[in-house]
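*Asks:* Got a structure here, written out as structure tokens. Questions coming.
The values are calculated or read from the model by the stated rules, or taken from the named source; none is laboratory data. Bear in mind that the values here come from a model prediction, so they are computed numbers and not experimental data. Ideal geometry is used to build each Cβ from the backbone, glycine not excepted, and the neighbour counts take in all protein chains shown.
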Amino acid sequence: MSTVPPARDKTMTPEEAVARLSSGMTVGIGGWGSRRKPMALVRALLRSPVTDLTVISYGGPDVGLLAAAGRIRRLVTAFVTLDSIPLEPHYRAARQRGAFALTEIDEAMFMWGLHAAANRLPFLPVRAGIGSDVMRVNPELRTVTSPYEDGEEFVAMPALRMDAALVHLNRADRLGNAQYLGPDPYFDDLFCEAADTAFVSCERLVGTAELTGDGDRSPQTLLVGRHSVTGVVETPGGAHFTSCVPDHPRDEPFQRAYAAAAAAPAAWAEFSARFLPPDGDEKSYREAVRTWHEEQQ
């Protein structure tokens, strides 16, 4: 008589998740702009020696921090923004000095690249990009012609395959199932499915039954399935300073301080020493942020 092995507990620390990464990897980072970014995992990545990364992201401060630290070799993105601050300042500075290669594509092309990778397809056809400068600045892109009567031309968007994905959700269980409770799933499920390994940080670990047991939650909020997850990290406030509604809004005062510090090397060195020391951890980060807010009162 065959037996089904018990499901594996996938919980780990931010440091244990980042220890699975190595230099030269292609890493996808979920969220959108300055919303529900896996910042605790990004901060752990900054404390590691991992570098020379290809980063795939609807970019926000995740890209900014990695760019400021010189960890990016190539960036694949549709934008890099802090939302309430239109252009991420570290990204802008890095691009102005030519710090890394850039593949800049339309938002829909990016999404279709994720879909292609998640479905193990080499590419998917998409109308976005046709007739725009996307084709000029990305000369490696190709087009395909519909084999049907319409004969329409499409961009053949390559799959955005990744070695690893980092995402942040509101709730998760120890097995790797994860749930969003805010207004938008973004594309975190596609990032996980498009990657060889995926690490989910969450505001709170709960029992599996709790993910779907509340009658006022739609089952569609169970966004990420355990089959696509390698590790789960419980990090309350792990998206800070980006938003993770309904658990917490964006920390706008801190984001403004971050952006202001990015404008001058001395100010950034002081900011980094206080909030991003190489010997720090998430606990010390949260304590430093709490103390900073107390000082602002």
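*Asks:* So, restricting to strands (runs of 3 or more DSSP E) that lie completely within segment 1-106, which ones have at least 3 residues that are free of Cβ contacts under 8 Å to residues at least 60 places away in the same chain and out of contact with any His (no Cβ under 7 Å at 6 or more places or on another chain)?
*Replies:* 53-57, 72-77, 101-104
*Asks:* From the list VAL76, VAL50, pick out the single residue that is farther than 25 Å from GLU282 by Cβ, of a type outside the set (Gly, Ala, Ser) and at pLDDT 95 or above.
*Replies:* Answer to the check: VAL76.
*Asks:* Continuing with this model, one more query. Against the definition (over 15 Å from the mean Cα position of the chain (by Cα), closer than 14 Å to ALA262 by Cα, part of a helix (DSSP H, G or I) and at pLDDT 95 or above), how does HIS115 come out, yes or no?
*Replies:* For HIS115, the condition - over 15 Å from the mean Cα position of the chain (by Cα), closer than 14 Å to ALA262 by Cα, part of a helix (DSSP H, G or I) and at pLDDT 95 or above - is not met.
*Asks:* Could you check how many residues of segment 112-135 are within 21 Å of VAL224 (Cβ to Cβ) and crowded, with 20+ Cβ neighbours inside 10 Å?
*Replies:* Residues in segment 112-135 being within 21 Å of VAL224 (Cβ to Cβ) and crowded, with 20+ Cβ neighbours inside 10 Å: 6 in total.
*Asks:* Here is a further query. Just one of the numbered conditions (1) within 25 Å of ARG8 (Cα to Cα); (2) modelled with pLDDT of 95 or more; (3) of a type outside the set (Ser, Thr, Tyr) is not true of LEU222; which one?
*Replies:* Tallying (1) within 25 Å of ARG8 (Cα to Cα); (2) modelled with pLDDT of 95 or more; (3) of a type outside the set (Ser, Thr, Tyr), LEU222 fails exactly one: (2).
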